[in-house]
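Q: Dumping the structure here so I can ask a few things about it.
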Amino acid sequence: MHKRFVNHCTIELILSPTTPILIKSGKEGADPTKPDMEFVETYHAGGKSIYLPGSSLKGAIRAHAERIVRTVGGDRNPNSPNKLWASNPLNRSSYDYLERFQGDAPKIYQHSSFTDQLFGSTEIASRLRIEDAYPIDRAALRIEERNGVAIDRVFGSVAVGPFNFQVCTA
């Protein structure tokens, strides 16, 4: 199934944010001079740089692809009415086949939705690989620190208190 390349395509993209973007790191440091939410950083091309993780990009692309196939194709594939275009993660019954065919990868792949076959799931590997995105010119990056406050949706009051965060504007 995943033993050889049948079709192979490499696409290179240049992403330019039209609005400020933040992909925050999951860790918080003890340094009080740093913002509460920092951009993810790594060492790349000889220095420290922010980047967009491939997993974050893949998640955004998958969500958009699922929206497209549900809009254009409806719930089910017309060529195979038992097959979903995109599984609904909130509907656990759409994943019943995982228990029936546990450990049988070809059967699981056959019964998986189109988007699960393309982007992968907890049971099958992805056919799509998206690498991390690094800035072309680190010197041209504009990182700003902004302030915010979380509002409690039920009471309409301040939820936690003020916080500050980094965003990349260009």
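Every read-out reported here was derived from the displayed coordinates using simple, explicitly stated rules and does not represent laboratory data. If you're wondering where the values come from, they're calculated on a predicted model, not measured in any experiment. Methodologically, a virtual Cβ is constructed for each residue, glycine included, from the backbone with ideal geometry; neighbour enumeration extends over all protein chains shown.
Q: In nm, to one decimal, how far is the T169 label point from the T10 one, both placed 7 Å along Cα→Cβ?
A: Going by the 7 Å Cα→Cβ label model, 3.6 nm.
Q: Right, next: Sort the following peptides by mean Cβ neighbour count (other Cβ atoms within 10 Å, averaged over residues), highest first: 8-19, 146-157, 128-139, 56-67.
A: The most tightly packed comes first, giving 56-67, 128-139, 146-157, 8-19.
Q: Oh, and also: Relative to the first principal axis of the alpha-carbon coordinates of the chain, what is the inclination of helix 54-73, with its axis defined by its Cα atoms, in degrees from 0 to 90 and to the nearest 10?
A: Relative to the chain, helix 54-73 is tipped by roughly 50 degrees.
Q: Using Cα pairs closer than 8 Å and at least 6 residues apart in sequence, work out the relative contact order for the chain, in percent.
A: It comes to 25 percent, rounded to a whole number.
Q: Let me ask something additional. Of K24/K83; K24/K48; K3/K107, which pairs sit farther than 25 Å apart, going by alpha carbon to alpha carbon?
A: Correct reply: K24/K83.
Q: What relative contact order, as a whole-number percentage, does the range 1-58 give when Cα pairs under 8 Å and 6 or more residues apart are counted?
A: Relative contact order, the range 1-58: 21 percent.
Q: Over the chain, what per residue volume does the convex hull of the Cα atoms give, in whole Å³?
A: 211 Å³
Q: Would you compute, from DSSP H runs of 4+ residues alone, the mean residue ellipticity of the chain at 222 nm, taking -39500 (n - 2.57) per run and dividing by the full residue count, rounded to the nearest 500?
A: The helix-only estimate for the chain comes to -6500 deg cm²/dmol at 222 nm.
Q: Also: Under the Karplus relation 6.51 cos²θ - 1.76 cosθ + 1.60, θ = phi - 60°, what is the ordered set of whole-Hz ³J(HN,Hα) values for the range 137-147, x standing for Gly and Pro?
A: Each residue of the range 137-147 in turn: 10, 4, 5, 7, 5, 10, 9, 10, 10, 10, 10 Hz.
Q: For the range 35-75, report the % of Cα-Cα distances exceeding 17 Å.
A: Taking all Cα-Cα pairs of the range 35-75, the fraction more than 17 Å apart is 55 percent.
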